[in-house]
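Derivation of every value follows stated rules applied to the coordinates shown; laboratory data play no part. Being a predicted model, the structure only gives us computed values, none of them experimental. As a convention, Cβ positions derive from the backbone with ideal geometry for all residues, glycine included, and neighbour counts pool all protein chains shown.
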Amino acid sequence: MKYLVMVQGSQADYEAMSGRGSAESPAWDKDQLTTMFAHMNAINEELTAKGEMLDGQGLAAPSTTRFVTVDGEGGPVVTDGPYAETKEVLAGYWLLDCASLDRVTEIAAQVARCPAPPGAPEYAVVIRPVDERGPSQD
């Protein structure tokens, strides 16, 4: 079964990883970043070796976000980020093909153990099964 495993973050977290800490997220130093990336790379290597990794990406800062809706005539309405009202955003994901929900939960727990500076916010790792049923055939 396929699962989307998602990690969350905020604009403050991206800034903290660039050395600009705040009350919401303390600044990361080079060693802390190196340790975090090593942890994530080890997970990626394990998932790839086991044939469970379909895709995985870290996403750019929320400040680069663009929302597109349509107006009354169907024309695009574009709003650029960041958004003060948005606390948490998708920071990265893995698309995995795992034998069971138990297995993907083990992986999510491994992701959740990612090293971070003291006082850094903690976010839940979100698991969503991919619905592969396709359109209903009534």
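Table for the structure above
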| item | result |
| --- | --- |
| Candidate set from the range 15-39 (those that are of a type in the set (S, T, N, Q), assigned to a loop (DSSP other than H, G, I, E, B) and without any contact (Cβ under 8 Å) to a residue 60 or more places away in the chain); member that is farthest from Tyr123 (Cα to Cα) | Ser18 |
| Strands (runs of 3 or more DSSP E) completely within the range 51-138 that count 1 or more residues being closer than 23 Å to Pro26 by Cβ and in contact with a helix residue (DSSP H, G or I) (Cβ under 9 Å, 6 or more places away or on another chain) | 53-58, 89-97 |
| Hits in the range 85-100 - residues which are among the aliphatic types (A, V, I, L, M) and either touching a Ser or Thr at 6+ places or on another chain (Cβ under 9 Å) or loosely packed, with under 12 Cβ neighbours inside 10 Å (or both) | Val89, Ala91, Ala99 |
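Matching residues to (1) closer than 14 Å to Met6 by Cβ; (2) in contact with a Phe, Trp or Tyr (Cβ under 7 Å, 6 or more places away or on another chain); (3) free of Cβ contacts under 8 Å to residues at least 40 places away in the same chain; (4) not hydrophobic (A, V, I, L, M, F, W, C):
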site	(1), (2), (3), (4)
Glu73	no, no, yes, yes
Val78	no, no, yes, no
Glu88	yes, yes, no, yes
Cys98	no, yes, no, no
Glu106	no, no, yes, yes
